[in-house]
Amino acid sequence: MFVEPHFDNSEFRPRTGWLEVIAGSMFSGKTEELIRRLNRAKIAKQQIQIFKPSIDQRYHAQHVVSHNSNAIFSTPVEQASRILTLSESADVVGIDEVQFFDASIVQVCSQLANQGKRVIVAGLDLDFKAKPFGSMPQLMAVAEFVTKLHAICMRCGGIANFSYRLVASQEEVLLGETEAYEARCRRCFYTGDQEKNKIHPQHEIQ
Ligand code: ZN
């Protein structure tokens, strides 16, 4: 269970900044957890700013929206560096779908934390090929706190760590997750890949 770090409430600012990473597969509740932490910071009267990459147009452009429709206002940004200029007055900076940002996101998060801000990022740790996604490995390494969430395997009901793509596209970014993906455990993920290769032998050939 994640225990929120101590804040100096007399100034409504943290004593020092840090980075929290919420990682996991699709359907693991990452955005819900991000929103839960941000809402608690709001209750503590901290200034919060939330960003997401403008690539993610699945839902309303101005919101981080989790699957249970528990929405929170966010700002879509194209470049990671924009987050620095837009979060000057924030005590707490939240970033959703962080795996979609360019590599400079690691430096941006470190810089924000160095300024004394609490930075909370949520993202997919693995892509649909089970390879580390974007800058997630670097973010997880430099973070003070890493929370790895799991989904439930839609095949066997076990603990799911992988996002299994049901359609044949090889694009790394494929949005519209409920139709295109299943959360799967290790065994069901790789069993499914073998079956796919039997039906479509070209599947893994780039
Ligand atoms: Zn399974």
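FYI, it's all coordinate maths here, none of it is from the lab. Just so you know, these numbers come straight off a predicted model, no measurement behind them. Ideal geometry is used to build each Cβ from the backbone, glycine not excepted, and the neighbour counts take in all protein chains shown.
So the values come out like this:
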{"quantity": "For the stretch 108-125, Karplus couplings with θ = phi - 60° (6.51, -1.76, 1.60), whole Hz, Gly/Pro x", "calculated": "4, 5, 5, 4, 4, 5, 5, 7, x, 8, 8, 10, 10, 10, 10, x, 6, 7"}
{"quantity": "Spin-label pair Gln111/Val146, simplified geometry with 7 Å Cα→Cβ offset, distance in nm", "calculated": "2.4"}
{"quantity": "Other-chain or far-sequence residues with amide H under 5 Å of Ile152's (modelled H)", "calculated": "Ala160"}
{"quantity": "Distance (nanometres) between label positions extended 7 Å along Cα→Cβ at Gln138 and Thr191", "calculated": "3.8"}
{"quantity": "Backbone HN-Hα couplings from phi across the stretch 88-93 [Karplus 6.51/-1.76/1.60, Hz, Gly and Pro as x]", "calculated": "4, 8, 7, 8, 10, 10"}
{"quantity": "Of Lys131/Lys196; Lys52/Lys196; Lys30/Lys129; Lys52/Lys148, pairs whose Cα-Cα distance is over 22 Å", "calculated": "Lys52/Lys196"}
{"quantity": "J(HN,Hα) series, the stretch 45-53, from Karplus relation 6.51 cos²θ - 1.76 cosθ + 1.60, nearest Hz, glycine and proline x", "calculated": "6, 8, 7, 10, 9, 10, 10, 8, x"}
{"quantity": "Interchain or long-range residues, amide H under 5 Å from Tyr181's placed H", "calculated": "Leu166"}
{"quantity": "Under 5 Å, built H, 5+ apart or other chain: amide partners of Glu97", "calculated": "Ala122"}
{"quantity": "Per-peptide average of other Cβ atoms within 10 Å, ordering 182-194, 78-90 highest first", "calculated": "182-194, 78-90"}
{"quantity": "Dipole magnitude of the stretch 18-150, debye to nearest 20 (Cβ charges: Lys/Arg +1, Asp/Glu -1, about Cα centre)", "calculated": "280"}
{"quantity": "Added length on full extension, which subtracts the Cα-Cα distance from 0.36 nm per residue, Cys156 to Ser89", "calculated": "19.5 nm"}
